[in-house]
Every structure is written in structure tokens, then in C-alpha cells.
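Here the structure is laid out as C-alpha cells; the discussion comes afterwards.
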Amino acid sequence: MKFEPQLHKLPNGLTVILDPMDAATTKVLVAFDTGSRDESPNEYGITHFCEHMLCKGTSRFPSYNALDDYIGDNSGGWNASTSNTTLRLYGRICYENTDVLLAVFSDMLQNSLFDTNVIENERRIILDELRRSQDNQDAKFREFLNKSLLSGQWPEYRTLGTAENIKSFTRNQLQDWVATRMSAKNCVICVSGRIESPEKLLKKIRMKYAFMPTTDVTHDTTKFNYTPGAAHMDIPDRQNISVTVLVPELWQFNKDNIYKRMCVAIFNTWLRQQLYDVLRQEKGLVYGVRAFNYGPNELALMGIQTTAVPSNLADVVATTARVVNKVYTENPVTDEFIKRYNSRCKLGDADFLESNEARADRLVRRYFDTGELYDFESTIKEAESISVGDIIKYTNGYVSKPVSIITSGAQHNIDLMKIWNENIGDLNKSNLINMVQDTKCR
């Protein structure tokens, strides 16, 4: 299936991506490059609250049900979401009704009622959403990571906000936030799917979204601090202990590092396979080993996570350190493994090409991250060109960065960092001669 998206810049600064494909539907995504990362502590939760209110009625469709019924009656579905980086309105509809979604989203952005009674109702709903999140054990663990490793700078409930903030937001505050953050310069509209006439569609978007302000939108540029170490989150009723080993990502996500990150991804997969073979297949210490990532884009942490009974904990950490040393210093990634890795990615690539929802999501995400269109064909060619030498080069320093070992579950008093340091060995023996001799190395 073809992948030939087109990027357009409208006079008011709005970015439009049209992604024609052979499909019976279209995905319409209106995304703003703003989220909880741009909120100060007394504003945490305001973008998410605004997202709720944008969906609760306009002068044309005075309630959520009226909005939902109209889209549903035209063979479509829709939703909205907020993250630390984006606020999104999105939907999928039969292609002949694409105008319906574009018109409704336009109406929501310029004519939402922000009815005071509905605000109070949503306040209660969002508070309940916050409580449910705080009861979630995985969310509690991520908040523990935040406090242990990032000095509390990346709170887990930042996007939902605090109960105090949620209770305090006024109608004027919410409307002002939308007016200042929802700018054409800060917005990407992507239509992915059946597009009969790109020229006509682009003209309609230009007309429907001409109302958008053209104000500049600033973003938070806080530098995050990483404090490595070992910490344990006690969960008294647990019989097992979750073990998470993390290091800072080698390459921050930007357009210059995409290839390097692909090399690290292959190395990570190889490392997890070796850990699984030893920890599970040879020693029977754990059930499985999975990838684990945490933190903001500016300071993301990467690593592995597994689970062990307390009596095996020390052996699991010691064995993990020894395997990491062997994989890192000897770097036994083979060309055969790289080929197998790329082969196994092909099904996912096909799934991506066949899904207008996945295509729209990635196109917008990549544009916000790099300011460029996602080039699928070029990315595949780069992945297939990766050599062992590339991986050696771009994983150099992988575990020489400060390591953290975070556990949760049953209580223990084992000095895991001491065990790690005793078993990780000399990390300065990496076989750099291979890197120099590999003619494919970039």
C-alpha cells in the first residue's frame, strides 16, 4: 500500500497533513502541541479539564450526546485525549462524511459552551478519574520512580492534575487556557484515508479553521535531574519482587538521532533475549524479561524489568549484571540476528500501512518531534542497512551511564547496588576494533 503523505502550511500558520490511502474510511486528527508539560504546578490538570469541556457541547450541539449522536448518525466515531505533550480531537468516519468530523471539531474549538453546571459535573468526574488513577498499582510505581530518580519533577498525576487544582479551576481560567494554547501555529490537522480530491479537502480545512488565532505558543524547557541509585517500594501483600534496572537513554529523540535509536533498539532486543535465555531457560529464576521505559522525552530512562521471589533476588541481579557485561563487552549481535529482527518487524510495518489510524497518529507525532513528515520508506531502508558495526558504535556507553535498580513488592534488605557493582565487571573492554574494521559503520 502506498504511503505518500503531503505537508501543507496554511496562511494562518496551521499545518495540514493529507495522507491518501486505499480505504473506505478517513481518520481525522486535530492535534495541539501542548499538554501538561507546559503547565506550572498550580495549573497541573488544566489542559485535561479543557479537553473534557471541549467535548461537552457547543451552540450548535448543546450536549455531549448531541455531538455523539450527530457523528454516529453519519457513520463515525470520535474521542479526545490529553497527554504531557498533546491535546487531541480525533475520529474515524466513512470517507464520504469526512466533512462531518472536520466541521464538528471546528465547532468544538470555537463555540464550546463551557456551561457552569457542566463544569461542576466534570469537576466531580475528573476527581473520580484522579482517584482511580491513584489506586492503580502501576501508576503508584511510576510515581515512586519519579520521586526516587527525578527529584519529583515528573509527577505521575501531572496530566490529571491535583485534587486542589481540579477544585479551583474557574470557567474563565479554562476559556483563557484554550484561547492562549489552541493556536493555529501550535496545531496539526491530519486526514488519513480515502481522499477523493486533496485540493478540495485542503480548501475546506482552510475555510473551517480560518478562525484559529495565530499567537505564538511557548513550551516549558525545564531541565530534569536524574539521581541514580537503588530504592524499594514496599507492597506488603506481594509474594514476589519486581526488579527494574534503568539507565538514561543514549540518544534523545530528534531527527538527527533516529538511526542511532534504531541501532539501540536492536541491541536492547538482543540483550533481553540473552537475559531471558540465562535467567529463564538456563537457571529458572524468572518467568520473563520485558523492556521498561520511563520519564519525559528530555530525560528518558530505558532498561529491563523482571520479577523474582525474594530468595532468588540476589542471584537475579548478579546474573543480570554478568550477562549485561558479556553482551556489552563482547557485543555478540550477529548479522543473522539483525536480519531476523527486521524480518519480524515486517508484519508490524504492514499493519501500520493498512491502518489510517496508526498512520495519522505517527505522522502527527513525528511532525511534532522533528518538524518533518514521517518517511516510512526511508526508515525501512535505514533499518535494513544497520550492521554490527553500527550497533557497536551507537551503543558505546550504554551501561557506563549511572545505573538505577528499583524494586517493588515484598520487603527485602539486600544491597542490590553492591551486588550489581561486584558483578558488572570491566565495561571498558568493548570490542572497538570491530567497529573500526566494519566498513559498513557510519
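Numbers for the structure displayed
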read-out: Residues (more than 22 Å from Met182 (Cβ to Cβ) and either exposed (fewer than 15 other Cβ atoms within 10 Å of the Cβ) or in contact with a helix residue (DSSP H, G or I) (Cβ under 7 Å, 6 or more places away or on another chain) (or both)) located in the range 96-124; value: Glu96, Asn117, Glu120, Asn121, Arg124
read-out: Tally of residues being in contact with a helix residue (DSSP H, G or I) (Cβ under 6 Å, 6 or more places away or on another chain) and either open to solvent by 10 Å² or more (accessible area, probe 1.4 Å) or without any contact (Cβ under 8 Å) to a residue 60 or more places away in the chain (or both) across the range 183-194; value: 1
read-out: Residue that is nearest to Ala231 (Cα to Cα), among those in the range 137-148 that are free of Cβ contacts under 8 Å to residues at least 60 places away in the same chain and out of contact with any Asp or Glu (no Cβ under 9 Å at 6 or more places or on another chain); value: Lys147
read-out: Any chance Tyr44 is open to solvent by 10 Å² or more (accessible area, probe 1.4 Å), within 25 Å of Leu18 (Cβ to Cβ) and not polar (S, T, N, Q); value: no
read-out: Residue match in the range 80-95 (condition: more than 30 Å from Phe292 (Cβ to Cβ), modelled with pLDDT of 95 or more and surrounded by fewer than 20 Cβ atoms within 10 Å (Cβ to Cβ)); value: yes
read-out: Filter pass, Asp220 being open to solvent by less than 70 Å² (accessible area, probe 1.4 Å), within 24 Å of Trp177 (Cα to Cα) and modelled with pLDDT under 95; value: yes
read-out: Flag if Glu357 is out of contact with any Asp or Glu (no Cβ under 6 Å at 6 or more places or on another chain) and within 25 Å of Lys255 (Cα to Cα); value: yes
read-out: Residue match in the range 314-329 (condition: in a loop (DSSP other than H, G, I, E, B), farther than 30 Å from Asp38 by Cβ and among the β-branched types (Val, Ile, Thr)); value: no
read-out: Among (1) part of a helix (DSSP H, G or I); (2) surrounded by 13 or more Cβ atoms within 10 Å (Cβ to Cβ); (3) at pLDDT 95 or above - the single one Lys393 does not satisfy; value: (3)
read-out: Lone unmet requirement of (1) open to solvent by less than 30 Å² (accessible area, probe 1.4 Å); (2) of a type outside the set (Phe, Trp, Tyr); (3) modelled with pLDDT of 95 or more; (4) under 28 Å from Asn240 (Cβ atoms) for His412; value: (1)
read-out: Val436, sole failed condition from (1) surrounded by 16 or more Cβ atoms within 10 Å (Cβ to Cβ); (2) modelled with pLDDT under 95; (3) part of a helix (DSSP H, G or I); value: (1)
read-out: Candidates Leu347, Leu353, filtered to the one that is within 21 Å of Tyr259 (Cα to Cα), open to solvent by 30 Å² or more (accessible area, probe 1.4 Å) and among the aliphatic types (A, V, I, L, M); value: Leu347
read-out: Some residue of the range 372-380 being closer than 30 Å to Arg88 by Cα, buried (at least 17 other Cβ atoms within 10 Å of the Cβ) and of a type in the set (D, E, K, R); value: no
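Let's see how each residue does on (1) open to solvent by less than 30 Å² (accessible area, probe 1.4 Å); (2) modelled with pLDDT of 95 or more; (3) touching a helix residue (DSSP H, G or I) at 6+ places or on another chain (Cβ under 9 Å); (4) under 18 Å from Val327 (Cβ atoms):
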| site | (1), (2), (3), (4) |
| --- | --- |
| Pro236 | no, no, no, no |
| Thr244 | yes, yes, yes, no |
| Asn254 | no, no, yes, no |
| Arg272 | no, yes, no, yes |
| Tyr276 | no, yes, no, yes |
| Lys283 | no, yes, yes, yes |
| Gly288 | yes, yes, yes, yes |
| Tyr294 | yes, yes, yes, no |
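The values are calculated or read from the model by the stated rules, or taken from the named source; none is laboratory data. What you are looking at is a predicted structure, and each value in this text was computed from that prediction instead of being measured. No Cβ is skipped: glycine too gets one built from the backbone with ideal geometry, and neighbour counts run over all protein chains shown. Accessible surface areas use protein heavy atoms only, side chains included; no ligands, DNA or RNA. Shrake-Rupley method; radii C 1.70, N 1.55, O 1.52, S 1.80 Å.
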